[in-house]
Amino acid sequence: MKEYEIVVIGGGPAGLAAALEARENGAGEILILERDVRTGGILNQCIHNGFGLHTFQEELTGPEYADRFVQQVRKAGIETRCGSMVIRVGRDRTVTYVNREEGLTQVRAKAVILAMGCRERPRGALNIPGYRPAGIYSAGTAQRLVNLEGVCVGKKAVILGSGDIGLIMARRLTLEGTKVLAVAEVMPYSGGLKRNIVQCLDDFGIPLLLNHTVVEILGKKRVEGVVLARVDENRKPVPGTQRLLECDTLLLSVGLLPENELTRELGADMDRATGGPCVNQRMETRIPGIFACGNVLHVHDLVDYVSQEAALAGKEAALWIREESGRETKADCRGEGIFLQAGRGIRYTVPQRLDSAGNGGNVTVRFRVDGVYQDSSIAVYSKDCCLVRKKKRVLSPGEMEQLVLTAQQQDLCRRQGEIRICVETGREQ
Amino acid sequence: MIRELTCICCPLGCRLFVDDRHPEQVSGNSCPKGAQYAKNEVTDPRRTVTASVRVEGGELPMVSVKTSREIPKDRIFACMEKIRALRVFAPVKLGDVLLSDCAGTGVDIVATKTVERRMP
């Protein structure tokens with residue numbers, strides 16, 4: 001069985017950044033396993049611009065952002081195997097994958113970095129009545145068809161869900177000559193970034209219908225229309241508000257789900273709020289030597305933060321190999337540590353845990369809030385002691401937040417055995 | 001005419017009001033960035049346009065492209081018409097100019113990825 005220092009599962013933005021930073025920190029043989037025929041992941045089909053403002057201080061398109069990492073990985077001589085699907089990761093860090101050339105292959109790694117990304121929530125998860133006609137696509141599938149394969153998906157479209165991919169596709173379809181009638185969002189706020197609402201919908205006069213959903217899809221062979229209805233505060237359709245929109249295409253942009261089949265089979269602790277594994281401040285799961293980063297851990301809005309998080313996972317994996325080599329470790333040798341409690345207003349935090357041995361550095365905690373808040377603060381407490389309070393004019397579930405804990409603050413929390421993050425008063429919309 | 005805009009300078013998303021005959025007079029903004037944004041939006045709104053173009057003989061059927069600079073917003077559809085009519089031949093390298101002076105804007109259409117020739 002071939003041995004590697006690090007095997008990275010997934011060659012998207014997270015996998016590429018993790019592999020690079022691992023090499024940077026002295027890791028020897030690294031293998032990236034990618035299911036698609038090329039690396040770069042979802043960035044290949046995200047042809048719009050706005051990527052890399054934080055990482056490269058310029059506005060790049062998705063393929064350009066990916067290319068910078070792909071070139072660096074090539075230069076670093078990191079082995080990349082495309083068309084290779086990982087079917088199992090063992091607790092002993094054996095990785096089993098299949099591809100056309102090698103068939104079924106097993107390799108062993110000193111550390112494994114999970115970077116499998118996420119998938120779109122499908123129609124089946126929505127309970128919309130109707131037949132199963134052609135013309136219903138998840139927004140990402142439509143994005144792939146239009147941008148990579150040059151296929152026109154339809155003449156008149158309605159988009160359900162105002163996630164960023166749905167908004168981006170509203171503009172993209174409009175530019176390609178498809179009429180987008182409306183974007184319907186069941187929540188009272190959009191799940192997408194403000195600038196996407198302005199530049200993808202407002203620019204083209206596409207209405208965003210908040211508190212609306214699709215209650216019926218018409219058509220047997222091809223979509224012939226959808227029935228929209230307003231919903232009440234419990235997200236239940238209000239009788240009498242139905243209206244028919246004639247269209248031949250329905251795009252679904254209704255959320256992304258981290259793709260964690262491998263992680264679950266591995267037996268890692270999962271966080272129900274993120275859909276990803278629980279990690280400590282080193283991006284390490286509860287299974288020794290298994291790290292995770294990017295959208296497999298929690299769904300991000302900006303690729304720049306994926307790259308940062310993945311770089312941390314790569315660095316920590318490289319350091320872990322150096323520390324642990326030759327020593328078979330028992331589960332979580334660094335002890336329990338403490339859990340970051342998601343207090344009032346906080347949906348989740350990543351990392352979920354600070355292990356008992358800090359590394360003397362800052363820890364960036366990323367999190368999402370559970371609703372729209374105005375003129376409020378983000379606060380971090382340990383027992384009664386407030387460690388951080390950050391004023392926020394506006395907080396929204398669609399925009400990931402982050403804060404930094406210094407080594408001193410972490411140590412205090414470890415001593416007191418508690419750390420809690422919450423949103424403090426302000427007007428709730 | 002008073003125009004109503006949503007500011008995109010930060011997540012706050014202020015609702016801005018600006019008179020397009022007096023673009024200096026902006027209300028609803030909570031910082032100077034908002035005033036500047038509103039002024040630009042009513043005097044000279046510009047956007048980067050991105051799209052995909054068909055490639056003949058390439059390892060991929062399409063190559064992604066963008067305008068080399070922002071173009072006036074009211075020229076978006078004129079540019080798209082030119083971009084949609086474009087056919088290119090592999091190989092295409094990232095950064096290659098595929099069409100210069102698109103629709104009289106003085107802005108080029110450049111490839112945002114590399115598409116090599118298809119192996120026979």
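Where a number appears in this text, it was derived from the coordinates with a stated rule and is not lab data. On a predicted model such as this, the values are computed, not experimentally measured, just so you know. With ideal geometry, Cβ positions are generated from the backbone for all residues, glycine too; neighbour counts draw on all protein chains shown.
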_Let's see if you can work this out: charge +1 on each Lys and Arg Cβ, -1 on each Asp and Glu Cβ, no other charges. What is the dipole magnitude of region A:336-429 about its Cα centre, in debye to the nearest 20?_
160
_Length-normalised contact order for chain B - Cα pairs under 8 Å, 6+ apart - percent_ = 20
*Using the Cβ atoms and a cut-off under 14 Å, what net charge is assigned to the surroundings of A:LEU148, where Lys and Arg are +1 and Asp and Glu are -1?*
+1
_Just to confirm a number: summing +1 for Lys and Arg and -1 for Asp and Glu over residues other than B:MET1 whose beta-carbon lies under 11 angstrom from that of B:MET1, what do you get?_
-1
*Might you report the magnitude of the Cβ-based charge dipole of chain A about its Cα centre, with Lys and Arg at +1 and Asp and Glu at -1, to the nearest 20 debye?*
640
_Gained length - B:ARG87 relative to B:ARG54, 0.36 nm times residue gap less alpha-carbon distance_ = 11.3 nm
*Using the number of other C-beta atoms within 10 angstrom as an exposure proxy, rank A:ILE30, A:ILE421 with the fewest first.*
A:ILE421, A:ILE30
_For B:GLY95, what residues show an amide H to amide H distance below 5 Å, using hydrogens built from the backbone and excluding near sequence neighbours?_
B:ALA111, B:THR112, B:LYS113
*Relative contact order for chain A: what is it in percent, counting Cα pairs under 8 Å that are at least 6 residues apart?*
15
*Two-decimal Rg/Rh of region B:50-111 from alpha-carbon positions, Kirkwood Rh?*
0.96
*Roughly how many nanometres apart are two label points built 7 Å out from the Cα toward the Cβ at A:ARG264 and A:PHE56?*
3.7
_Within a Gaussian network of chain B (alpha carbon springs, distance under 10 Å), most fluctuating of B:SER52, B:SER68, B:SER30_ = B:SER30
*Which listed residue (A:VAL7, A:VAL380, A:LEU181) has the Cα farthest towards the positive end of the charge dipole for chain A, taking +1 on Lys and Arg C-beta and -1 on Asp and Glu C-beta about the Cα centre?*
A:LEU181
*asked:* Quick check on region A:122-254: take the gyration tensor over C-alpha atoms, sort the square-rooted eigenvalues as a ≥ b ≥ c, and tell me if it's rounded (a/c under 1.5), prolate or oblate.
replied: oblate
*Neighbourhood net charge (13 Å Cβ-Cβ; Lys/Arg +1, Asp/Glu -1) for B:ARG117*: -1
*Among rounded, prolate and oblate, which fits region A:336-429 when a ≥ b ≥ c are the square roots of the eigenvalues of its C-alpha gyration tensor, a/c under 1.5 means rounded, and a/b larger than b/c means prolate?*
prolate
_Proximal aspartates and glutamates to A:LYS194, defined as alpha-carbon separation beneath 14 angstrom and excluding residues fewer than eight positions away on the same chain_ = A:ASP164, A:ASP202, A:ASP203, A:ASP301, A:GLU399
*Starting from the alpha-carbon convex hull of the protein assembly as shown, give the projected area averaged over all orientations, in nm².*
27.3
*Size of electric dipole in region B:23-120: Cβ of Lys, Arg +1 and of Asp, Glu -1, about Cα centre, debye, nearest 20*: 220
*With the dipole of the protein assembly as shown worked out from charges on the C-beta (+1 for Lys and Arg, -1 for Asp and Glu) around the Cα centre, which of A:PRO237, A:VAL151, A:LEU33 lies farthest toward the positive end?*
A:PRO237
*asked:* Only counting other Cβ atoms within 10 Å, I'd like A:CYS82, B:CYS7 sorted with the fewest neighbours first.
replied: A:CYS82, B:CYS7
*Per 10 Å bin, what percent of the C-alpha pairs of chain B does each bin hold, from zero upward?*
14, 32, 22, 20, 10, 2, 0
*Reachable lysines from B:LYS82, criterion Cα separation under 29 angstrom, eight or more residues apart if same chain*: A:LYS155, A:LYS156, A:LYS179, B:LYS66, B:LYS73, B:LYS93, B:LYS113
*For A:THR141, B:THR43, A:THR274, what ranking results if the residue with the fewest other Cβ atoms within 10 Å of its Cβ goes first?*
B:THR43, A:THR141, A:THR274
*Rounded to the nearest 0.05, what FRET efficiency do A:ARG235 and A:ASP203 give with R0 = 30 Å and r taken as the Cβ-Cβ distance? Could you check?*
0.55
*GluC sites (Glu not before Pro) within region A:92-175: which are DSSP loop residues with at most 15 other Cβ atoms inside 10 Å?*
A:GLU101, A:GLU102, A:GLU149
*asked:* Under 8 Å for C-alpha pairs, at least 6 residues apart: give me the relative contact order for region A:91-210, rounded to a whole percent.
replied: 17
*asked:* Going by average Cβ density within 10 Å per residue, which order do the peptides A:291-301, A:359-369, A:209-219 take, highest to lowest?
replied: A:291-301, A:209-219, A:359-369
